[in-house]
Amino acid sequence: MSNSAPLGGRTLVGFDLETTGVDPYEARIVTASLCTIGEADRNWLADPGIEIPAGSTAVHGITTDHARTHGRAAREVVEEVACSLSDTWQNGDVVVIYNAAYDLRVVTEELVRHGLPPITIGPVLDPLVIWRNAERYRKGKKTLAEAVLRFGVELTAPHESAADATAAILVTEGLAQLVPWRIWTPEEAAQLQQNWNREWADNFAAFLKGKGGDWESVDGSWPLGARRAAT
C-alpha cells in the first residue's frame with residue numbers, strides 16, 4: 001500500500017494498555033491489547049516486576065499476585081508488543097489509540113528500561129485529540145467512557161485493554177460523522193492531530209495558569225509525549 005494512500009482504505013487496529021500508574025515515565029505495562037474488528041485480539045499480561053498500586057488495581061482489576069502468577073516476564077511482553085506494533089504499521093494499517101501520547105510514551109520508556117530498540121511510529125488516529133477539536137465547546141470530560149456514550153458505542157468491560165482498544169476503533173468510526181478522517185493521508189492525519197493537540201495544550205495551560213495551577217507540566221507533544229527533562 002502506498003504511504004500516501006488515504007486512511008479510509010486501511011485497516012484500523014486498536015491499541016490499549018493497562019498499567020501500574022498514570023505517570024507514563026514510571027508506569028509499567030500490566031496488560032496490552034491489539035484489536036481488529038472481526039479478527040482475534042492479541043492480548044498480553046505482564047508481571048511488571050514491581051508492586052501494582054492498589055489504586056491502579058481498582059481501575060483495571062489486576063493485582064500484583066495475579067500478575068506474578070499468570071503474567072509473563074515484562075521484557076518479553078514489552079518486546080512482543082513493540083514488534084506487533086511495528087508489524088502493524090509495516091502492513092500499512094492504522095493504529096487507533098485513545099490518548100496516544102500516554103500509551104506510546106509508556107511503550108517507549110519500557111523499551112529503554114529493558115534495553116530494547118525503539119519503535120518507528122507509523123500512522124496513528126487518536127480519537128481523544130480528534131474529538132476534543134471537533135467538539136471543543138461541548139461541556140464535560142472527554143474520557144473514553146464519555147466518548148462511547150456520545151457515539152453510541154457499547155463498552156463491555158471498561159479499563160480492560162481489549163475492550164478499550166475495540167471501543168477506540170468504534171468511537172473513531174463514529175467521529176467520521178464530524179471529521180472526514182477517512183480521506184486524510186497519513187501525513188495529513190499526523191499534521192492535523194499534532195496541531196490540534198498543541199492548540200488544546202496551549203489553551204489548557206493558559207487556563208491552569210489563570211487559576212494558579214501547574215500549567216508548566218502540560219505537554220502538547222503528539223503522538224509521543226515529550227521526553228522528561230533531565231534533572
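The values are calculated or read from the model by the stated rules, or taken from the named source; none is laboratory data. Please read all numbers here as calculations on a predicted model, not as lab measurements. All Cβ positions, even for glycine, are placed from backbone atoms using ideal geometry, and neighbour counts span all protein chains on display.
Across region 58-93, what is the number of residues that are surrounded by 15 or more Cβ atoms within 10 Å (Cβ to Cβ), within 17 Å of residue 10 (Cβ to Cβ) and either at pLDDT below 95 or over 17 Å from the mean Cα position of the chain (by Cα) (or both)?
Result for region 58-93: 1.
Say we look at region 178-188 and pick out the residues that are assigned to a helix (DSSP H, G or I) and more than 14 Å from residue 128 (Cβ to Cβ); which of these is nearest to the chain's Cα centre (by Cα)? Please lay out each step first, then the result.
Within region 178-188, the subset assigned to a helix (DSSP H, G or I) is 181-183, 186-188.
With the extra rule that they be more than 14 Å from residue 128 (Cβ to Cβ), the set shrinks to 182-183, 186-188.
On the way: 182: 19, 183: 22, 186: 17, 187: 19, 188: 19 Å.
My answer is 186.
Out of the residues in region 1-42 that are among the polar types (S, T, N, Q) and more than 17 Å from residue 106 (Cα to Cα), state the one that is surrounded by the most Cβ atoms within 10 Å (Cβ to Cβ). Don't jump to the end; show me each part of the working.
Initially, region 1-42 is screened for residues among the polar types (S, T, N, Q), giving 2-4, 11, 19-20, 31, 33, 36.
Checking which are more than 17 Å from residue 106 (Cα to Cα) leaves us with 2-4, 11, 36.
Working: 2: 9, 3: 10, 4: 9, 11: 16, 36: 18.
So the residue we want is 36.
Does any residue of region 154-161 turn out to be at pLDDT below 95, in contact with a Gly (Cβ under 9 Å, 6 or more places away or on another chain) and buried (at least 17 other Cβ atoms within 10 Å of the Cβ)?
Yes, that holds for at least one residue.
Please go through (1) closer than 28 Å to residue 60 by Cα; (2) surrounded by fewer than 20 Cβ atoms within 10 Å (Cβ to Cβ); (3) out of contact with any Cys (no Cβ under 9 Å at 6 or more places or on another chain) for residue 119 and return the number of the only condition it doesn't satisfy.
Of the numbered conditions (1) closer than 28 Å to residue 60 by Cα; (2) surrounded by fewer than 20 Cβ atoms within 10 Å (Cβ to Cβ); (3) out of contact with any Cys (no Cβ under 9 Å at 6 or more places or on another chain), the odd one out for residue 119 is (3).
Working carefully through the options 22, 30, find the one that is within 14 Å of the chain's Cα centre (by Cα), β-branched (Val, Ile, Thr) and under 25 Å from residue 144 (Cα atoms).
Details: 30 fails: within 14 Å of the chain's Cα centre (by Cα).
Among 22, 30, only 22 is within 14 Å of the chain's Cα centre (by Cα), β-branched (Val, Ile, Thr) and under 25 Å from residue 144 (Cα atoms).
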